[in-house]
1. Normalising by the residue count of the stretch 44-136, find the relative contact order in percent from Cα pairs under 8 Å and 6+ residues apart.
2. Sticking with the crude label model, points 7 Å out along Cα→Cβ, report the distance from residue 61 to residue 98 in nm, one decimal please.
3. So what are the ³J(HN,Hα) numbers for the stretch 90-103, from phi and the Karplus equation (6.51, -1.76, 1.60; θ = phi - 60°), rounded to whole Hz, Gly and Pro as x?
4. log₁₀ I(q)/I(0) of the stretch 80-149 at q = 0.21 Å⁻¹, via Debye over equal Cα point scatterers, no solvent, to two decimals?
5. Do the alpha carbons of any pairs in 67/138; 71/137; 59/137; 59/86; 67/121; 67/92 sit beyond 24 Å of each other, and which pairs?
6. Listing 61, 123 from the residue with the fewest other Cβ atoms within 10 Å to the one with the most, what is the order?
7. Would you pull out the residues with amide H under 5 Å of residue 138's amide H, same chain only if 5 or more places away, H placed 1.01 Å from N?
8. Given H placed 1.01 Å from N in the peptide plane, which residues other than close sequence neighbours of residue 62 have an amide H under 5 Å from its amide H?
Amino acid sequence: MANNLMRFDPFGDLTRFDPFRTMDDMLRDMRPGWALRDMPSQPAMRLDVTETDQAYDVKAEIPGVKKEDIKVDVVGNRVSIVAECKQESEEKDKGTVVRSERYYGQQSRVFTLESDIDDSKAEAKYEDGVLHLILPKKAGTTSRKLPIH
């Protein structure tokens, strides 16, 4: 007889620090699967951030969103990405609607980078569900990491 019991740790994700993880991600991971198994969950916005000496390269997966529904805000070294999401599905049986579901909401990510961004030279492109940002570092700004003794 197989043991199908699993240990559930509701605070496991909270103890691991991830600066790019949102509270929605943590709460979604903690919900019991049996309670909301039929409810479609909102897709999470996933990020890749790489850095060169001159710029940051950010790629955000935002599938199924129109580029007009995406807003990017850069202030100093803080970057905010907000996308309006709209999903609709409808099932018909012989021309009669038997089920209709809609989801309207927002996905957002806010993060800080080590250097200030030169927003006058920043570029954004959205293609095939991926938002691609080139965020040049502002000239003359330096950051210094403090050694911990």
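A short reminder: the numbers here are calculations on the coordinates, not readings from a lab. Small disclaimer: the values here were computed from a predicted structure and weren't measured. Cβ coordinates were reconstructed from backbone atoms using ideal geometry, including for glycine residues, and neighbour counts include every protein chain displayed.
1. Computed over the stretch 44-136, the figure is 32 percent.
2. 3.2
3. Each residue of the stretch 90-103 in turn: 8, 10, 10, 10, 6, x, 9, 6, 9, 7, 9, 10, 9, 9 Hz.
4. Cα-only, vacuum Debye calculation for the stretch 80-149: -1.02.
5. Details: 67/138 26 Å; 71/137 20 Å; 59/137 17 Å; 59/86 21 Å; 67/121 20 Å; 67/92 30 Å.
Where the Cα-Cα span goes over 24 Å, the pairs concerned are 67/138; 67/92.
6. Working: 61 15, 123 10.
So the ranking, lowest neighbour count to highest, is 123, 61.
7. Long-range HN contacts for residue 138: 116, 117, 118.
8. Residues meeting the amide H criterion: 130, 131.
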